[in-house]
Structure formats: structure tokens, C-alpha cells
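One structure below.
No lab work stands behind these numbers, since they all come straight from the coordinates. Computed from a predicted structure; not experimentally measured. All Cβ positions, even for glycine, are placed from backbone atoms using ideal geometry, and neighbour counts span all protein chains on display.
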Amino acid sequence: MIVHIITVSTSRYQKYGPAIHPDLAEDGSGQIILKMIEKANISWTYRLLPDGMELRSAVLELVEIGGDAVILCGGTGLAPLDLTIEAVEPLYEKAIPGFGEVFRMESQREVGTRAMLTRASAGLIRKTPVFCLPGSTGAARLGTALILAELDHILTHVRMN
């Protein structure tokens, strides 16, 4: 199994460039996702990219390369440059609305009503599950735990004929 990880952060990208490992970009959220993925014995790739609609081509490239899932972390907030959702959701052939719903429900226990601000989402692009997580370390931990709990189940459904 292979999971592609994309951290979305213009400020980090401006400082570190196109890093290929979260340690090379002081990316705490990426480090958390990577550690959880490794602990689950899953192979991975990592990219650091700036916010913007250009994310669309990066996601499509990773889906084309192949792999079992794509996780984007960051750019899901309400700031003007938070465009992960705008870039990725139009690519979904099938949405997985329950992911965002469960993410917000679980987040509410940690951060209270601020959880309503998250636009975490998931969907299928060419039978590849794609997950969009907020950029905080807590969101990275929670979102990755949810993904890992159900990824095998999701892939079983996606790969049915």
C-alpha cells in the first residue's frame, strides 16, 4: 500500500521550497501523518506545495502515478488563500461526506464549536480516495487516525467490480 502526502502551505513553501520530507520543512503536521502511516506499515511519498488552484494538477498527477490514497494537509480554512477545497472537491467523482462529518464531530470534542470552521473533506478521484485535512497537528493526528481506521474498508468498496 502507498499513500501520497501533500502538505499545503505557501509560507513553508516559500521558506523551504518543494521539500520531499516533512523534516526538511519543519512540518509538524506532516511528521505526524508520516509517523502514523509508517506505524501502519504503509509506504508513502511526501510533497510540500503552496496554497492555490495549482494543487489540482498535483493531485491528478499523484492519482495517475497510482497509489492507494492521497492525503492533503492544510489550506482548508477560511482565509483567502485557503483553496485546497476549491481545488480538489471539483475533481471528486464521488464525495465521501461522512469523513468530514465524523472529523467535525470528533474535533468538536477537542476544540469545541470551533470545529464548525473546518472544511475537511474526502472523495474519490479515479477510484483513489483523496482526503483534505486542516493543517494543525491535532487535525493531522485525528484525520490520519480516521483514515487509517477505514482505509482498507474504503479500498474494498472502491475496488469492487
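Only Cα pairs within less than 10 Å get springs; with that Gaussian network setup on the chain, which residue of ALA149, ALA25, ALA115 has the largest fluctuation?
In this elastic network of the chain, the residue with the biggest mean-square fluctuation among ALA149, ALA25, ALA115 is ALA149.
Tally Lys and Arg at +1 and Asp and Glu at -1 over the other residues with C-beta under 13 Å from the C-beta of LEU55: what net charge comes out?
-4
Given an 8 Å cut-off on Cα distances and at least 6 residues of separation, report the relative contact order of the chain as a percent.
That works out to 26 percent.
So how strong a dipole does the range 2-158 carry about its Cα centre when Lys and Arg Cβ are +1 and Asp and Glu Cβ are -1, to the nearest 20 debye?
200 debye
Read through the labelled values [x] 17.5; [y] 15.9; [z] 15.4 and report the label of the one computed as Kirkwood radius over Cα pairs in Å from the structure.
[z]
On a C-alpha basis, how far is the centre of the range 1-70 from the centre of the range 78-139 in Å? Whole number, if you could?
16 Å
Restricting attention to the range 11-57, which GluC sites (Glu not before Pro) occupy a DSSP loop and are surrounded by at most 16 other Cβ atoms within 10 Å?
Listed in order of number, the matching sites are GLU26, GLU54.
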